[in-house]
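Each reported figure results from applying straightforward, stated rules to the coordinates on display, with no laboratory input. Computed from a prediction, not measured in an experiment: that's the story for all the values here. Cβ placement follows ideal geometry from the backbone for every residue including glycine, while neighbour counts extend to all protein chains displayed.
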Amino acid sequence: MNIKEYYKISEISKLYGIGIDSLRYYEKLGLLKPRRDINGYRLYNLKEIYKLNIIRDLRELDFSMKHIKEYLDNQCIDNTINLLCEQQDFIHDQLKKLQVRKRIIQNRIAFLKNTLGIQPGVLTVKTLPARPCVQLNEHITREEEMDFVIKKIHRKHESKILDLGNQSVGAYVSMDDLNKGMSSIYYSVFFILDKETKDYDFILPAGQYISYYYRGGYDQNLERMEEVIAYAKNIGCCILGDPFEIYVVDNRDTIKAEEFLTEIQIRIEKEKN
């Protein structure tokens, strides 16, 4: 079979797996210059369509169309070497990002597996370091509102809060609301950041905290908080500030409410005689 000198746009589209609209776009940019037959149909010269392989490969490496055109307009050994070096640097950067991503996912898997062994319903006292946080103060009474506020904080601090990362998210409850018997009302949502960060909104102070884990839905919030407050009194401690919840496992990880794992923390100190 003889190889043709010219091919129609539909033939080129099928041969290279490139959409007709893309071929027309390349023509508009001046990357391809098809001639027209007597009926006005585009005809692509074999001498030009070799460029499609280059365009496709460079687009897969996220090169801009402007950059690709500059290269094709000035194609020579030096420019090809420079382009290959750019490709090499790009691949190196992508590999580094993938390695970071891999570590984040591995850590998240290990974290979630570890939560399966946490025993709920046990009251303990933890000594915790200072924890920098970013926060957003909002009056929240529904789970949907909580999800929306969490998303707003995430969006505002994308560089600090990683997708699939292990940063803890929590929410403050007012002692006044608890004393009135009001449950699942929150006034501030926060993410606990890495200790090394210098850019934060507030710090959870270092000190002793009562810790209490519970599994299941948030309708038990008031009852569990009351248990923690009563425990503080029983061990002769006064409460410093409002209690908060940390959502260890929530709807970011499961749609089954019975699998939710929440930790209540309240900062305390021994009462002075």
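Springs between alpha-carbon pairs under 10 angstrom, Gaussian network model over the chain: which of Lys256, Lys47, Lys126 fluctuates most?
Looking only at Lys256, Lys47, Lys126, the biggest GNM fluctuation is shown by Lys47.
Given the rule -39500 (n - 2.57) for each run of at least 4 DSSP H residues, summed and divided by the residues of the chain, what is its mean residue ellipticity at 222 nm, to the nearest 500 deg cm²/dmol?
The helix contribution divided over the chain gives -13000 deg cm²/dmol.
Please compute the modelled spin-label separation between His139 and Thr254, points set 7 Å along Cα→Cβ, answer in nm with one decimal.
Reported label-point gap for Thr254 and His139 is 3.4 nm.
Dipole of segment 86-140, Cα-centred, from +1 at each Lys and Arg C-beta and -1 at each Asp and Glu C-beta, to the nearest 20 debye?
That gives segment 86-140 a dipole magnitude of about 320 debye.
Give me the compactness ratio for the chain, meaning the Cα radius of gyration over 2.2 N^0.38 Å.
So the Cα radius of gyration is 1.61 times the expected 2.2 N^0.38 Å.
Running a GNM on the chain with Cα contacts under 10 Å, which residue among Leu204, Leu123, Leu61 ends up with the highest mean-square fluctuation?
Leu61
What list of ³J(HN,Hα) values in whole Hz, one per residue of segment 40-55 in order, does the Karplus curve 6.51 cos²θ - 1.76 cosθ + 1.60 (θ = phi - 60°) give from phi, with Gly and Pro shown as x?
Here the 3J(HN,Hα) series is x, 6, 6, 10, 9, 7, 4, 5, 9, 6, 4, 4, 4, 4, 5, 4 Hz.
By per-residue mean of other Cβ atoms within 10 Å, what is the highest-first order of 107-114, 225-232?
225-232, 107-114
Please give the net charge around Glu143, taking every other residue with its beta carbon less than 11 angstrom from that of Glu143, where Lys and Arg add +1 and Asp and Glu add -1.
In short, -4.
Cβ under 11 Å from Asn79's Cβ, Asn79 left aside: what net charge do those residues give with Lys, Arg +1 and Asp, Glu -1?
On the way: positive: none; negative: Glu70, Asp73, Asp78, Glu86.
Local net charge: -4.
Show me the ranking of peptides 6-18, 90-102 by mean Cβ neighbours inside 10 Å, starting with the highest. Please list the in-between numbers first.
Working: 6-18: 14.9, 90-102: 10.8.
Most protected by this proxy first, the peptides run 6-18, 90-102.
When Ile266, Ile105, Ile38, Ile246 are ordered from fewest to most other Cβ atoms inside 10 Å of their Cβ, what list results?
Taking fewest neighbouring Cβ atoms as first place, the list is Ile38, Ile105, Ile246, Ile266.
Taking the Cβ of each residue in Cys237, Cys85, Cys133 as the centre, tally the other Cβ atoms inside 10 Å and list the residues starting with the fewest. Provide the component values of the computation, followed by the final result.
Values: Cys237 18, Cys85 10, Cys133 21.
Arranged by neighbour count, lowest to highest, Cys237, Cys85, Cys133 become Cys85, Cys237, Cys133.
Can you tell me which of Ile255, Ile239, Ile203 moves the most in a GNM of the chain? Springs connect C-alpha atoms under 10 Å apart.
Ile255
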